[in-house]
Structures are given as structure tokens and as C-alpha cells.
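Structure first, commentary second.
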Amino acid sequence: MRESYLPQEETRDLQSRIYWLLGLILLALMGLLLRAWYLQGVNGKFYLELSENNRIRVVETAPPRGLIYDRNGALLVNNVPSFNLYVVLGDMPNQATVLPHLANLIGMNEEEMMRRVTFKKEDPFFPIKVKDDLTMREVALIEGHGLDLPGVKIEAEFKRNAIYGTYAAHLLGYVGEITQAQLESGNYQNIKRGGIIGQYGIEQTFDSIIRGTPGQKRIEVDALGHEIRVLEVNEPLRGDDIFLALDLNVQKVAEEALGNQNGAIVAMDPKNGDIIAMVSHPAFNPNLLSQGASSRAWEALLKDEGRPLTNRVIQGQYPPGSTFKIVLGAALLETKEATPASRVECRGFLPFGNRNFKDWKKGGHGSVDLHRALVESCDVYFYEMGNRLGIDTISKYSHLFGLGQPTGIELGSEKGGLIPSTEWKRQVRKEPWYPGETLSVSIGQGYVTVTPLQQALMISTVANQGVLHPPQLLKKIRDQETGSVQEVPAAEGKHIPVSPETFRIIQSALAGVVSDPHGTASSSKSPFVSMGGKTGTAQVIGLKGGVHGKLPDKYNDHAWFVAFAPVESPKIGVAVLVENGGHGGSAAAPLARKVIEAYLGVVPPSVEPMTVKSPAPPPAPGRSEG
Amino acid sequence: MIDRRSIAGYDWLLFVVVILILGMGVLSIYSVTAASQARTPLYVKQIYWIILGWIVFLVMAWVDYHEIARFAYPIYALTLLLLLLVLVMGRSAQGAQRWLSLGFINIQPSELAKISLLLVSAKYFSDYFPKQGLNFRQLLLPGGMVLVPMLLILKQPDLGTALAISSVFFSMVLVIGLRSKFLIYSSLLSLMMFPFLWQFFWGHLKDYQRERLTTFIDPTNDPTGTGYHIIQSKIAIGSGGLFGKGLFGGTQSQLKFLPESHTDFIFSVFSEEWGFAGIVVLFLLFFFLILWGIEIAYKAKDVLGSLLAVGIIGLISFYFLVNVGMTLGVMPVVGVPLPLMSYGGTSMVTTMGLLGLLLNVKLRRFMLFY
């Protein structure tokens with residue numbers, strides 16, 4: 001019950017403590033104010049940044065890729081418009097009806113459509129690419145049904161286009177989306193997921209030049225991901241254009257000459273290492289791969305027995321056969337194991353050890369010197385001389401001519417071939433070298449293997465009298481911004497320690513291979529240009545004396561021909577390999593002749609022969625479509 | 001009878017302050033709801049509520065508070081009944097049973113409970129005023145009177161309102177004072193009992209309430225769920241910087257990154273637009289309001305008036321401090337509105353009514369005793 005307090009006394013009792021309440025509230029207010037200061041004053045910038053991050057989405061726009069031209073400005077690879085179909089689920093209210101409708105319009109399986117669309121679900125406003133490269137009809141259909149298809153967008157983008165399809169496919173290469181492994185490797189700093197980069201060939205090697213810089217769109221979005229407005233646009237920068245050493249005209253001739261046969265042709269300029277032509281058959285169409293091949297298409301390519309994805313020019317390792325005799329010839333003269341006059345009696349075989357090493361010509365060639373031995377490709381001469389040199393000397397001179405190691409061409413996966421030596425045999429085979437093996441090697445069989453590019457390099461070095469030029473792919477770069485053209489300097493050639501006299505003798509012999517009526521390539525003699533070269537026939541299986549046309553094709557010997565022309569002042573070196581082609585002289589030499597005639601601009605045989613013109617630049621094909 | 005000086009005097013300042021706070025509220029609501037397609041956008045509806053609030057304000061100021069206090073116990077009994085009813089047959093909204101549907105009208109008994117407990121505690125303590133502070137025994141009955149409805153409300157569950165009611169009680173107890181012996185013993189005891197109490201408390205929390213506490217400690221723990229509100233609120237407030245981004249400049253709220261922006265997080269909207277400077281102004285206005293209330297409590301002519309004033313101050317402060325604290329990330333997310341600013345009729349009417357009651361006490365300062 002109420003105690004004996006007067007009301008006024010009671011209130012006075014309270015009054016003092018009322019201030020406590022006030023004090024408490026004030027304290028709390030100050031605390032909150034301090035906290036607000038902490039957020040806004042001390043960390044204001046930090047939170048401002050966070051709020052910006054919330055609301056700004058950065059979208060990259062892909063840059064147009066630089067164009068690829070041949071040495072004369074003929075367009076080889078460009079970009080063509082591609083209409084790509086995107087779906088934005090966030091803008092599509094009734095997916096269950098719209099998506100099948102869309103699938104029907106473009107002839108896509110409904111399940112396939114659902115599969116592609118449910119792949120990325122995190123952000124409903126992220127456009128999902130559903131189909132590449134719509135045909136005009138499909139574009140028209142979709143645009144026509146626009147009202148029924150909310151959330152469906154068609155974007156005009158670029159796709160890479162190799163104009164000549166399979167021609168120079170391995171050299172030019174293809175493009176593709178950057179892979180997870182590449183992203184993680186750190187070598188592609190500026191590329192984001194989904195970016196297109198060169199994945200093979202020149203597209204890959206010179207990717208950083210022709211790639212360009214992506215543009216950026218800064219878009220303000222709300223919490224649901226709707227695009228409110230575009231804040232800022234940075235236009236993408238085109239990649240620079242590049243001019244290759246390749247000559248389209250020569251390439252076309254070489255591709256057609258090799259035709260359906262498997263093999264490789266590579267042509268080089270002996271003065272600077274320019275790669276004028278590079279053919280590897282079977283080839284593939286880079287456009288199928290650049291534009292998003294299905295996994296089935298990839299599988300088909302990978303499983304194809306002909307191995308179309310292999311670039312035989314730099315990856316095919318074959319025994320050089322008789323073309324190897326060139327190296328032996330040089331070695332003989334330099335080491336003075338033989339002189340130009342030294343003779344060997346060839347009776348069609350050479351007894352050695354406990355067997356007879358057979359010559360390809362049954363009765364033998366009679367008494368031959370180096371010149372004759374090269375012209376008619378006498379095996380016995382080289383068995384004898386090779387034995388005198390010994391494997392290690394042969395190995396040494398092989399390396400001088402660029403064999404046995406990769407040439408360093410700016411393409412991936414180049415193989416180095418194999419030049420055996422005693423040391424090699426001991427290390428790899430754990431056996432000593434047997435002298436009999438030297439004899440096999442001397443005629444380019446046995447352990448020794450070379451790639452067509454190495455062969456071209458070797459013959460070019462012979463042609464320019466001993467300067468080893470690294471292969472050159474790129475000639476010029478055109479800056480996309482200024483339009484100025486910058487020459488790419490050729491790498492320094494290396495002089496090899498072989499005397500000019502040696503080269504003169506060798507060159508003369510090689511000229512004889514073609515011009516001499518007994519020469520193994522005499523049937524390919526050109527009325528327009530003086531050619532020098534060497535045939536080769538590489539055994540696929542080691543049947544004695546080789547096999548010619550009696551067994552199924554795949555057991556046929558490979559046919560080689562290496563050549564240079566014109567003999568007086570060489571402007572081109574060529575190596576041709578025809579897999580299972582049989583004789584070098586019959587299968588490979590005619591192709592080399594066609595290539596050389598094309599490069600030197602002489603009139604083809606169907607027209608009246610004229611005097612050899614001074615080499616004019618080959619006529620440029622149709623105006624560039626770039 | 002009525003202190004005419006008040007009306008002629010500086011209470012105009014109070015009206016100005018209240019109008020200013022109301023205006024800031026409407027402005028902030030406007031900035032986040034102006035774009036809405038509804039026939040009556042929310043900020044317009046808020047204005048309607050404000051008008052209703054002023055009417056209630058006048059009503060509560062007019063009727064002598066002693067008359068009102070006479071019904072304290074009956075109202076209390078009704079409240080208990082309604083709270084029980086709500087638990088038994090209440091309508092659920094968002095997992096909480098808070099509403100009673102009476103045909104054409106929906107009642108929230110917990111709102112009634114706030115006023116009811118205010119009245120009943122004030123009445124009780126004024127009738128049985130303990131000199132020299134409360135001791136344990138004296139606390140039992142009033143404590144029980146408060147605890148029962150609190151538990152009923154907690155069961156709904158409605159943590160916010162339960163705590164609000166307790167703040168009313170605490171303010172009064174604070175001001176009445178506890179006997180020093182009692183104070184010391186009870187402090188020691190609660191310290192020792194704390195772990196057990198904590199276990200008990202924790203065990204009876206619903207999952208989402210527990211989540212709220214854990215995300216309070218570390219909002220990044222659940223950035224897309226419960227932590228989202230806190231994170232976005234801090235970003236909104238912090239990015240306002242010193243002077244704010246201006247009207248409609250609050251990107252967080254404009255672009256809908258901030259949820260509940262017109263209700264529980266209206267303070268974040270305000271802070272993003274007006275910055276630290278704006279916050280200082282708002283705090284000053286609010287503090288003035290509190291001071292006005294304190295002065296009323298101080299100068300009230302009797303304990304009842306004083307305690308009513310104290311309870312009202314406690315309640316309004318509780319809501320303000322907890323809401324602001326929540327948006328600033330120093331308190332767990334307890335869904336309480338910001339008085340006079342958050343969108344919502346209930347809160348507006350209640351708060352204005354309480355302010356009216358305060359004015360009521362002030363006006364009758366000089367009434368003579370019968």
C-alpha cells in the first residue's frame with residue numbers, strides 16, 4: 001500500500017534517476033554515432049567501392065582479329081560475320097513453351113536445347129550462346145517470330161575464315177576458346193574465360209600480334225541483374241595484320257600437285273629462310289575447327305588413320321634414303337677421305353662382314369666417282385665411302401647441315417629427326433655401334449630419320465653455299481592503328497665450315513641428277529629452268545633392295561626429292577616427300593619441278609617453251625577480299 | 001486545467017521537430033518507392049498514416065491520462081486474453097502468429113500489449129511506490145505481470161515486441177531504483193547463473209533466430225541469406241560517406257540491393273542519401289525529442305505521469321536505438337521499425353499515440369489534486 005510519501009516527495013525521488021535514463025540513452029546514441037562515423041568517415045571509400053561493385057557489370061566485347069596475308073598481299077585468313085543465337089533466361093517468362101518453339105525453328109533437338117540452356121544457371125541475365133553461325137533463313141525465321149520469343153537475342157559477331165579451306169591448313173592453324181589449362185598457366189594475362197585465341201599454327205604463334213584488345217562496356221545493373229543503362233564504352237582494338245613469307249600461288253600449285261597422296265612439300269628461300277610453301281596431306285579444314293567443332297568432329301579427326309592433324313612437314317620423321325648421300329658427299333670432300341677423282345668399283349653389291357650389301361641396280365654402276373655416284377645414286381660407292389668416314393663423322397656433318405635437331409621454326413611440336421652416333425647408340429640402345437650399321441646409314445636407311453623441313457633446310461644450305469638460315473614465317477606486320485608496315489628482320493644465317501669448292505662439286509653433281517640422261521631425276525628435267533636435286537627412296541619395311549609396286553601401297557617405299565633452282569643462282573629450295581610413292585624420281589621429282597616452275601614464274605608446259613625469264617613476282621590472285 | 005502555456009509556448013518546437021522527422025521519413029520512402037506502378041505509391045500511403053497518426057495524437061493528448069490509467073488492469077486482462085487467442089487461432093504471416101482476424105478487422109494483440117503494459121506497470125508502481133528502491137519481493141509481482149505477456153509474445157514468435165515491452169519495464173525499474181543490497185546480490189547471482197541462463201535461452205530460440213545471432217557476429221558467414229541484409233545495409237550507409245549521395249542518388253537502395261528499404265532499413269536509405277551529416281541532423285532531432293520527454297518525466301506532477309513518460313521514452317528509444325544499431329551492424333537483425341520514419345500504419349499510429357500521451361502528461365502538470 002502507499003507509504004507515507006507525499007506525491008511531491010515521490011516524484012523527487014524519481015527525478016534524480018530520470019537523468020540516469022537520459023544518460024543511458026545519450027551514451028547509446030554516441031555509440032551509434034561513433035559507429036556511423038566508422039562506416040562513413042573512416043571506411044567510406046571502402047564501402048563506396050563495394051557499392052560500385054554491386055551495381056556495375058563489366059562486359060567484354062571481342063576485338064576483330066588481325067588478317068593474314070601472303071607475301072604479295074593476297075588475303076589468306078579473314079573474319080566474316082556470324083550470327084549467333086543467345087538466350088537470356090531472366091527475360092523469358094515461360095521457358096517451357098518458348099524454348100521448344102525456338103528449338104523447332106532452328107532445327108535443334110529439344111533436349112539439346114535444354115541441355116545447353118541449363119548449363120549456366122547462376123546469373124539469369126547472362127546471355128547463353130545456344131547456336132553459332134545461323135543461316136540467313138534461320139535469322140529471318142527467328143526475327144519474324146520475335147514476338148513469340150522473349151529473351152531470345154541474335155548477336156552479329158565474327159568468325160575466323162580461312163579463305164582457301166584446307167590449303168596451308170597446318171601452317172595457318174585455327175582458333176578456339178581458351179582452355180581451362182591455358183587460363184591457369186598465366187601465359188594469357190589479358191584473356192578472360194570464353195576468349196578466342198589461336199590454338200594451332202600461325203594463329204597460335206603470332207596470336208599476341210593479331211589478337212587485338214577487347215573492348216569494355218560498363219553497365220549499371222540492379223539487384224535482379226536487369227541492365228539499367230550503359231555507363232561507359234571502350235571500343236575494342238583490332239589486331240594487327242600480318243604478311244607471311246608464304247606465296248599463295250606456289251602453295252596452290254603444290255597442294256594440287258600432291259593431290260590425294262599423303263606426304264609433304266616444303267619450299268624455302270635459300271637467301272633468307274623464307275617459307276614459301278608448306279603442304280601436308282592429308283589436311284583438314286581449319287574453318288570447321290575455328291567455328292566450334294562438335295566433339296564428334298574432333299574425334300573423327302583424331303581417329304582418322306591418315307592423321308590429318310599431324311603436320312608432316314615438321315612432324316613426319318622418315319629415313320632420308322638416297323638424299324642423305326648429299327651430306328656424305330660433303331663430308332667426304334671436306335675430310336678429304338675422298339677426292340672428286342676417287343673411284344669405287346660398283347658391281348651391284350658390297351661384301352661386308354658376313355653379308356652382301358646390295359645396290360639397287362642389279363648389275364652395279366661400274367666404276368664411279370663422286371659425281372657419277374650422286375647422279376646415278378650408286379649405293380656401293382657410299383657403302384664404301386661411308387665406312388671410311390665412320391658414323392661419328394657422318395653424324396657431325398649431318399648436324400652441320402641442320403639434321404638431327406629441330407630447325408626452330410615458329411610452330412609447335414616440331415620433331416628433330418634422328419642422327420645416330422656411337423654415343424647415341426650407347427646411351428639409348430645400350431649397345432655399341434656395329435660398322436655394318438654405318439653402311440645402312442650411308443644410304444639414308446637404318447636409324448637415321450629426317451623431317452621434310454630439315455631436308456629443305458639442308459638443300460637450301462647446299463644451294464646458298466653453306467649458310468644455314470632459320471626458317472622464317474613472318475615478313476611484315478601492319479599496325480592497325482597507324483597503318484604503317486613494319487618489316488620483320490630475318491634472323492642471322494650461320495655459316496657452316498664447308499668450303500665453297502665442296503659446294504661447287506656437289507652442286508654440279510646435283511645438277512647432273514636432273515640434266516644427265518642417266519640421272520635418277522632426268523625425267524623431271526624442266527625446259528624452262530635449270531634444276532639440281534637428289535632423289536631418295538626410303539624403305540618402309542626392311543626388305544632387301546626395296547620394294548617397288550609389288551606389295552599393297554602401304555608397304556611401298558616413301559619417295560623423296562630435294563631440289564634447288566636455278567642452279568646458277570638459286571632462289572628456291574624444295575623438299576618433297578610422297579608417302580608410299582615408290583621411286584623418288586617418278587613420284588616426288590615431278591612435284592618439285594611444278595613448285596619450282598610456279599615460283600620462278602615460268603610458263604607451264606602446255607604453252608610453247610620460251611627462254612627462261614628473269615624471275616618475276618608471281619601474279620597476285622584476285623583482289624584481296626579483306 | 002490544461003497548461004495553456006504549453007500550447008502557446010515552446011511545444012511548437014516539438015511539433016516542428018516531429019514534422020521534420022516525419023518529413024525525412026516520407027522523403028526517404030519517396031526516394032525508394034516513387035517509381036512504383038501502384039495506384040497509390042507507398043509514400044502517399046505513408047502520408048495518410050501520418051494524418052491518422054496526428055488524429056490519434058490529439059485524442060491521446062486530450063483525454064486525461066488518469067482516466068486512461070483507470071482502465072489499465074482491464075485492458076491488461078483483455079490483452080492476455082487476446083494473446084492467448086492469437087496463439088491458439090491466430091493467422092500466420094511469414095511463420096509467425098501475430099494477427100487475430102475479427103471479421104472485417106485484423107488486430108495485432110502485441111501492439112495492444114505494448115500500451116497495456118505501459119499503463120499497467122506505471123499504474124502499479126505509482127500505486128505501490130516503493131521508497132528507497134525495489135527489493136526482490138517487490139519486484140516479483142510486477143515482474144510477473146510483465147513476464148507472462150512477454151512469454152506469450154515470444155511464443156508467436158515476436159522477439160522484437162517482447163524486447164520492447166521489457167524495455168518499458170526496465171526503464172521504469174531503472175528510474176525507480178533498486179535497493180542497493182538487492183542490486184548487488186542480483187547482479188552477482190545473474191553473473192553466476194549466466195551460463196545456465198544462456199543455455200536455456202539458446203535452447204529455446206528458433207533456428208532462424210539463432211541464425212540471426214550468428215550472422216550478426218559474422219555477416220559474411222551467410223552473405224546471400226541472413227547476412228545479406230546486414231552487409232548491404234553497411235555498404236549503403238558506409239558508401240554515403242560524409243555528405244551522402246543526394247536524393248535518388250542512393251544506388252544501393254535505388255537498384256534494390258537493399259531489401260526492406262522502405263521499412264526496417266529506411267535508416268540505411270536515409271544514410272546513403274544524406275551521409276554522416278544527415279545522420280547527425282537526425283540524431284539531434286531525435287535527441288531533442290527524448291529531452292522533451294525527459295523533461296516531462298521530470299516535471300510531471302505525479303508518479304503515474306512520470307512513470308508513463310519514462311516508459312514511453314524507454315519504448316521509443318528502444319525502437320530507435322535497436323533499428324539504427326541493426327542497420328549499422330552492431331546489433332542482430334531484429335525486425336523493429338524506426339519510429340516515425342519506417343513505412344507502416346501500426347508503428348506510426350502507436351508512436352504518435354505515445355507522443356500524444358506524453359503531451360497529455362505535460363499538459364496536466366498544474367492540475368490541482370482533488
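Only the coordinates and a few stated rules stand behind these numbers; no lab work does. In this text the structure is predicted, and so the values were computed from the model without any measurement. Note: ideal-geometry Cβ built from the backbone for every residue, glycine included; neighbour counts use all protein chains shown.
General remarks:
- Between 0 and 90°, nearest 10: helix A:500-515 axis offset from chain A longest Cα axis: 80
- A Förster radius of 45 Å combined with the Cβ-Cβ distance from B:LEU85 to A:HIS145 puts the calculated FRET efficiency at roughly 0.20.
- Dipole of region A:443-596 computed with +1 at Lys/Arg Cβ and -1 at Asp/Glu Cβ about the Cα centre; of A:GLY585, A:VAL485, A:PRO470, farthest Cα towards the positive end is A:GLY585.
- Each label was represented as a point 7 Å from its Cα along the Cα-to-Cβ direction; for B:LYS256 and A:LEU24 these points are 4.2 nm apart.
- By the count of other C-beta atoms within 10 Å, a proxy for reagent exposure, A:ARG296, B:ARG364, A:ARG160 are ordered fewest to most as A:ARG296, B:ARG364, A:ARG160.
- Neighbourhood net charge (10 Å Cβ-Cβ; Lys/Arg +1, Asp/Glu -1) for A:LYS325: 0
- Here, chain A has an Rg and a Dmax of 36.0, 151 Å when only alpha carbons are counted.
- Backbone N under 16 Å from the A:ARG388 label point (7 Å along Cα→Cβ), restricted to region A:440-480: A:442-443
- Partners for B:LYS245 among lysines (Cα-Cα distance below 22 Å; same-chain residues under 8 apart left out): A:LYS45, B:LYS234, B:LYS256
- Packing-based exposure ordering (other Cβ within 10 Å, fewest first) of B:LEU354, A:LEU453: B:LEU354, A:LEU453
- When A:MET108, B:MET89 are sorted by how many other C-beta atoms sit within 10 angstrom of their C-beta, beginning with the fewest, the order is B:MET89, A:MET108.
- Simple label model, 7 Å out from Cα along Cβ direction - B:LEU78 to B:TYR48, nm: 2.5
- Mean ellipticity per residue at 222 nm, deg cm²/dmol - from DSSP H runs of n ≥ 4 across the protein assembly as shown, formula -39500 (n - 2.57): -15000 deg cm²/dmol
- 27 Å Cα-Cα threshold exceeded, pairs from A:LYS303/A:LYS476; A:LYS153/A:LYS217; B:LYS45/B:LYS123: A:LYS303/A:LYS476; B:LYS45/B:LYS123
- Long pairs among A:LYS525/A:LYS594; A:LYS131/A:LYS159; A:LYS475/A:LYS594; A:LYS361/A:LYS594; A:LYS361/A:LYS534; A:LYS129/A:LYS192, criterion Cα-Cα beyond 20 Å: A:LYS475/A:LYS594; A:LYS361/A:LYS594
- Computed from Cα positions, the angle between helix A:391-400 and the longest principal axis of chain A comes to roughly 60 degrees.
- Candidate lysines - alpha carbon under 17 Å from B:LYS155, same-chain residues fewer than 8 apart omitted: B:LYS114, B:LYS206
- Rounded to 10°, Cα long-axis angle of helix A:95-105 versus longest principal axis of chain A: 30
- Dipole moment magnitude, nearest 20 debye, the protein assembly as shown about Cα centre, only Lys, Arg, Asp, Glu C-beta charged: 1820
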